[in-house]
Amino acid sequence: MQYKIKNCEIILNTDCNARCSFCYQPDMETTEASYRMPFKAAAKALYDGRKRGAQVAYFIGGEITLHPELPKIIAFAKKVGYPYIQVMSNALKLADFAYTKSLIDAGANLFKISLHGYNAKIHDDLVGVPGAYAKIIKAFEHIEKLGAETTINYTMNKHNYQTVHKFAELITEKFKIEDFNIIFPHYTGMMKDNAKILKVSVNQAEPYLKKMLKVLEKSKAKVENAILINFCPCNLPEATHLMTEWERPDSVLEDEPMYHLEGYTERIYQMKEELRTKNKSCAKCIYDKRCMGFEKWYVDIFGSREFKPVIKRVKPVNVRPTYRKIKNLKSMKVS
Ligand code: SF4
C-alpha cells in the first residue's frame, strides 16, 4: 500500500530575483521584509506541522533563498524532527557553493529546482535571467557533492511544450534525476497577463506529453512520485496514475493546511476545488466522483470543450511511480 507523505507547506516570501513571464504570481518587484514570514511565525507553523505528523518541511515562495533567515528556519525544522526538509528554488543563489552548503549544513536535504527548458536559450529567456541555466547546472553539482537530493519542476508554456520529451531525456539520462514534475500552467498572475504570447492548450500539449511518456517508457526511468500536475485524467487517460492533485482527498483530515506568510492557513485541496469547475459532460465520466475538474482560469481563455468524459478505463502507459519511503517513520517524535 502506498503511504502518503504528509507535508508542512509554508510560503516564506513573495519576492523573487527572476522574472518568469509564466509565473502564477503577479509581478512583484518588492524585496521589503514585510513580504517575508518572520522566523517566529515559520517556527510556529513547523511545530504545528510536526504535531500533525508532517514528515516534509516544504518551503515555497517567491524565491525563498532571498529570505535572510532561511538557514535558521531550516535548522529549526531539523530540530523539531522533520526527516525531509525541502527547499524550492530557481537555483540562482544555489550556484554559490558556500551558500548551498550553509542550507545543507542547517538540515536541508531536498532541493526542488525550477528548470523550464532543455537548453540554456529556452530556460534563460523564460526566466528573464541570462546565465540562469548555467547556474542550475552548478547547483546540481553542489547539491550532489554535498549529499542532498535534487527534484525538478518544469512548467509548460508555448516556448517549451514541444520539447518536453527532450527535457525528460536530459534529466533522466544525463543528470539521472528521476523525481520531477511537469506542471500544466495556471492561467493567473503573470501567466494570465502574458497569455497571448505564452498560452498552450491541453490539446496542443497532448502529443508532446505522449512523446515524453514514450521516452520514459523506453528509458525505464524509475520516476519518483506522480509527475503530472494540474492535468485531469481526460487530458491523458493512459497517464492518470502519473497525475497528482486532480482528485479530492478521501477525508478532510488528508487535506493539509498551507501556511501563508500573512499568518493564516488554508486547506490546500479545498482551495484547489474552489478554483476549479466542470462541464455538463463530466457527469458521464468514470472519474466524475473523484475529479475536482479543471481550472476556471483555463476556461476563461480556452473554454471547456477539450475536457471530454472518459467512458472506460484505458491501458496505462508502462511508467510507474515509486513513492518515496520514509525512514524511521515509527520512531519519529516531535522534539
Ligand atoms: S470529470 Fe470532467 S474534468 Fe474530470 S476527468 Fe472527467 S471529463 Fe475530465
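Structure notes:
- Residues located in segment 218-233, provided they are out of contact with any helix residue (DSSP H, G or I) (no Cβ under 7 Å at 6 or more places or on another chain) and closer than 25 Å to Glu295 by Cβ: Asn225, Ile229, Asn230, Phe231, Cys232
Here's the yes/no breakdown for (1) of a type in the set (Phe, Trp, Tyr); (2) touching a Leu at 6+ places or on another chain (Cβ under 8 Å); (3) more than 19 Å from Lys166 (Cβ to Cβ):
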site: Gly189; (1), (2), (3): no, no, yes
site: Lys196; (1), (2), (3): no, no, yes
site: Ser201; (1), (2), (3): no, no, yes
site: Pro207; (1), (2), (3): no, no, no
site: Glu224; (1), (2), (3): no, no, yes
site: Phe231; (1), (2), (3): yes, no, yes
site: His241; (1), (2), (3): no, no, yes
site: Thr244; (1), (2), (3): no, yes, yes
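- Residues of segment 302-334 satisfying the condition of being away from the ligand (no atom under 16 Å from the Cβ), aliphatic (A, V, I, L, M) and modelled with pLDDT of 90 or more: Val317, Val319
- Restricting attention to segment 212-230 and to residues that are under 18 Å from Thr155 (Cβ atoms) and of a type in the set (S, T, N, Q), the residue that is surrounded by the fewest Cβ atoms within 10 Å (Cβ to Cβ) turns out to be Asn225.
- For segment 247-259, the condition holds for no residue, the condition being that it is in contact with a Ser or Thr (Cβ under 8 Å, 6 or more places away or on another chain), part of a loop (DSSP other than H, G, I, E, B), touching a residue at least 40 places away in the same chain (Cβ under 8 Å) and farther than 25 Å from Ser201 by Cβ.
- Residue match in segment 242-254 (condition: more than 30 Å from Val215 (Cα to Cα), among the small types (Gly, Ala, Ser) and modelled with pLDDT of 95 or more): no
- Scanning segment 247-258 for residues that are closer than 21 Å to Ile183 by Cβ and either of a type in the set (S, T, N, Q) or away from the ligand (no atom under 13 Å from the Cβ) (or both) yields Pro249, Asp255, Glu256, Met258.
- Flag for Glu274 being in contact (Cβ under 8 Å) with a residue 24 or more places away in the chain and either in contact with a strand residue (DSSP E or B) (Cβ under 6 Å, 6 or more places away or on another chain) or not aliphatic (A, V, I, L, M) (or both): no
- If you check Gly107, Gly131 for being in contact with a strand residue (DSSP E or B) (Cβ under 8 Å, 6 or more places away or on another chain), small (Gly, Ala, Ser) and over 19 Å from Lys166 (Cα atoms), only one passes: Gly107.
- Some residue of segment 276-294 being more than 10 Å from the ligand (Cβ to nearest atom) and within 19 Å of the chain's Cα centre (by Cα): no
- So Tyr133, is it buried (at least 19 other Cβ atoms within 10 Å of the Cβ) and touching an Asp or Glu at 6+ places or on another chain (Cβ under 6 Å): yes
- Residues that are over 20 Å from the mean Cα position of the chain (by Cα) and more than 24 Å from Asp27 (Cβ to Cβ) were ranked within segment 184-205; the one that is surrounded by the fewest Cβ atoms within 10 Å (Cβ to Cβ) is Asn203.
- Thr265 satisfies every condition listed in (1) more than 10 Å from the ligand (Cβ to nearest atom); (2) out of contact with any strand residue (DSSP E or B) (no Cβ under 8 Å at 6 or more places or on another chain); (3) over 23 Å from Gln162 (Cβ atoms); (4) of a type in the set (Val, Ile, Thr) except (2).
The values are calculated or read from the model by the stated rules, or taken from the named source; none is laboratory data. What you see is a predicted model, and the numbers here were worked out from it, not measured in a lab. We place every Cβ from the backbone using ideal geometry, glycine too, and count neighbours over all the protein chains shown.
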